[in-house]
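Asker: Below: one structure in structure tokens.
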Amino acid sequence: MTTTDTELPPTPLNVAVVTLGCARNEVDSEELAGRLEAGGFVLVDDAEDADTVVVNTCGFVEAAKKDSVDTLLEAADLKVEHGGRAQAVVAVGCLAERYGKDLAESLPEADAVLGFDDYPDIAAKLRAIVGGEVHHPHTPSDRRRLLPISPVDRDASTISIPGHEVAADTSEIGAGAPATGPRSVRRRLDSGPMAPLKLASGCDRRCTFCAIPAFRGSFVSRRPSDVLQEGQWLATQGVKELFLVSENSTSYGKDLGDLRLLETLLPELSGIDGIERVRVSYLQPAETRPGLIEAIADTPGVVPYFDLSFQHASATVLRRMRRFGDPESFLDLLARIRSQAPLAGVRSNVIVGFPGETDEDLQTLCDFLVAARMDVTGVFGYSDEDGTEAAGFADDLKLDDDEIRARTEHVTGLVEELNAQRAEERIGEQVVVLVESIDEAVEGRAAHQGPEVDGTTTLLGADDAEVGDLVTATVTGTDGVDLVARAEGAA
């Protein structure tokens, strides 16, 4: 048989995957990277070295959308400026799924806009796009309609859910995967000692300010065996800390018939050889049950860290948000957490200027923040989001932009002061720091500090430390939410 009788393998193409947004998007990007590598693409770190650039966009709030569009435009510039090689720029992720053909029409600089349903065939689709084939983007729709309303009746195998895929054969996965059982399609894009690990996707809540459920779909848990085996694979890649992510971790298992599944999964994950820490993110306060508090606080290897999505404290505002709670119930929850783990890390986010928020509501929020003594609080000024119930509220409920900005600045200033005070309370406390970088200083995170958003700890007297080490130290100073700590035994 001559070479002309044999189908030649496709020419290798370099691809850069650029990730924006949250840790959930990081998992999705690594799944896409795994699929692209299995499909013959060569992954490169720098978009300037790539034949094609895949931008995993964020569509959460206006600032994130703008950042996504700006990144796509920058990648498109590489095709004509600075000697860039990019033959195609492709948008994927939440912004692409949320707006589909509308995004494609408004952003002709992008060669294609791919939705979640395109992910299983991403390599073939991307190669076709690079070859000049025109991709017709999807018309946006509510992905909650793809599955039954009842969680236990959902068969997620019938749809594409980013970050949930398992490999059909070993050619689709990276080295070091488990020898048997389902294997996740994933290729690490970051060599750091922390990695996000997806518990679930989607959300069944109907918060009036949030569009995420419409484009991420109904809540779907990953099978515990898939989560566990992906955690085992990550351990072989040098990961020391597993960061469990989802839109609502407190709901994990409800569609699998066991709402307490997370409590049983945590000790299995923390028991993986090589894994030193397991951290849970995004807990709904109204769903945070005593058993889960106990599991997070007392399970060896699981850090006592509580990422609680309060969003506000005024019962009136919360009801308008279609959420539940008030200062008393929230403070009681924090008291129960601290009775189990006095040094627990607590973070949250709040929305300021929500439609109908009065001066009294704002004061209620501020009084709660003072009493809560949280380590970190993110503050967001309200803005209308396409397709949300709150965007359709009567105009007389809505505050003008200047008032929202003023309130946001006020609460942000208060939070910065409170978070700095909370950090100062930790002076003299013994912490265990996961070393993540060694440059001009040795830096990492203590147990109460989540990735990216909760500050860092600078280690003194840890000159021999290496990335991935866990160093016991005593806090000696602070800079805002950041800590300075002296390593145990250091002079």
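The values are calculated or read from the model by the stated rules, or taken from the named source; none is laboratory data. A quick note: this is a predicted structure, and the numbers were derived from the prediction, not measured. Please note: Cβ atoms are built from the backbone with ideal geometry, for glycine as well, and neighbour counts cover all protein chains shown. For the accessible areas, the whole protein counts, side chains as well, though only heavy atoms, and no ligand, DNA or RNA atoms are used. Shrake-Rupley method; radii C 1.70, N 1.55, O 1.52, S 1.80 Å.
Asker: With (1) surrounded by fewer than 20 Cβ atoms within 10 Å (Cβ to Cβ); (2) closer than 25 Å to residue 149 by Cα; (3) not basic (Lys, Arg) as the list, and residue 301 as the residue in question, which single condition is left unmet?
Answerer: (2)
Asker: Moving on to the next point. Tell me, please, whether a residue that is closer than 28 Å to residue 292 by Cα, at pLDDT 95 or above, in a helix (DSSP H, G or I) and open to solvent by 60 Å² or more (accessible area, probe 1.4 Å) can be found in segment 343-362.
Answerer: Scanning segment 343-362 turns up no residue that is closer than 28 Å to residue 292 by Cα, at pLDDT 95 or above, in a helix (DSSP H, G or I) and open to solvent by 60 Å² or more (accessible area, probe 1.4 Å).
Asker: Here's another thing I want to ask about it. Taking segment 271-281, which residues are crowded, with 22+ Cβ neighbours inside 10 Å and touching a helix residue (DSSP H, G or I) at 6+ places or on another chain (Cβ under 6 Å)?
Answerer: 278, 280
Asker: When residues of segment 299-342 are filtered for being in a loop (DSSP other than H, G, I, E, B) and touching a residue at least 40 places away in the same chain (Cβ under 8 Å), how many remain?
Answerer: Final tally of qualifying residues: 12.
Asker: Looking at (1) farther than 24 Å from residue 23 by Cα; (2) part of a helix (DSSP H, G or I); (3) open to solvent by 50 Å² or more (accessible area, probe 1.4 Å), can you tell me which one residue 474 breaks?
Answerer: Unmet condition: (2).
Asker: Only one of these conditions is not met by residue 145: (1) modelled with pLDDT of 90 or more; (2) within 21 Å of residue 268 (Cα to Cα). Which number is it?
Answerer: (2)
Asker: Kindly indicate whether residue 105 is open to solvent by less than 60 Å² (accessible area, probe 1.4 Å) and not aliphatic (A, V, I, L, M).
Answerer: In short, no.
Asker: Considering only residues that are in a loop (DSSP other than H, G, I, E, B) and among the aromatic types (Phe, Trp, Tyr), look in segment 198-245 and name the one that is most open to solvent (accessible area, probe 1.4 Å).
Answerer: Among them, the one singled out is 209.
Asker: Within segment 120-165, work out how many residues are aliphatic (A, V, I, L, M) and assigned to a loop (DSSP other than H, G, I, E, B).
Answerer: Counting residues in segment 120-165 that are aliphatic (A, V, I, L, M) and assigned to a loop (DSSP other than H, G, I, E, B) gives 5.
Matching residues to (1) under 16 Å from residue 75 (Cβ atoms); (2) of a type in the set (A, V, I, L, M); (3) without any contact (Cβ under 8 Å) to a residue 40 or more places away in the chain:
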| position | (1), (2), (3) |
| --- | --- |
| 101 | no, no, yes |
| 108 | yes, no, yes |
| 112 | yes, yes, yes |
| 115 | no, no, yes |
| 125 | no, no, yes |
| 128 | no, yes, yes |
| 131 | no, no, yes |
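Asker: For segment 165-187, check the following and say yes or no: at least one residue is modelled with pLDDT of 90 or more and either over 18 Å from the mean Cα position of the chain (by Cα) or open to solvent by less than 30 Å² (accessible area, probe 1.4 Å) (or both).
Answerer: yes
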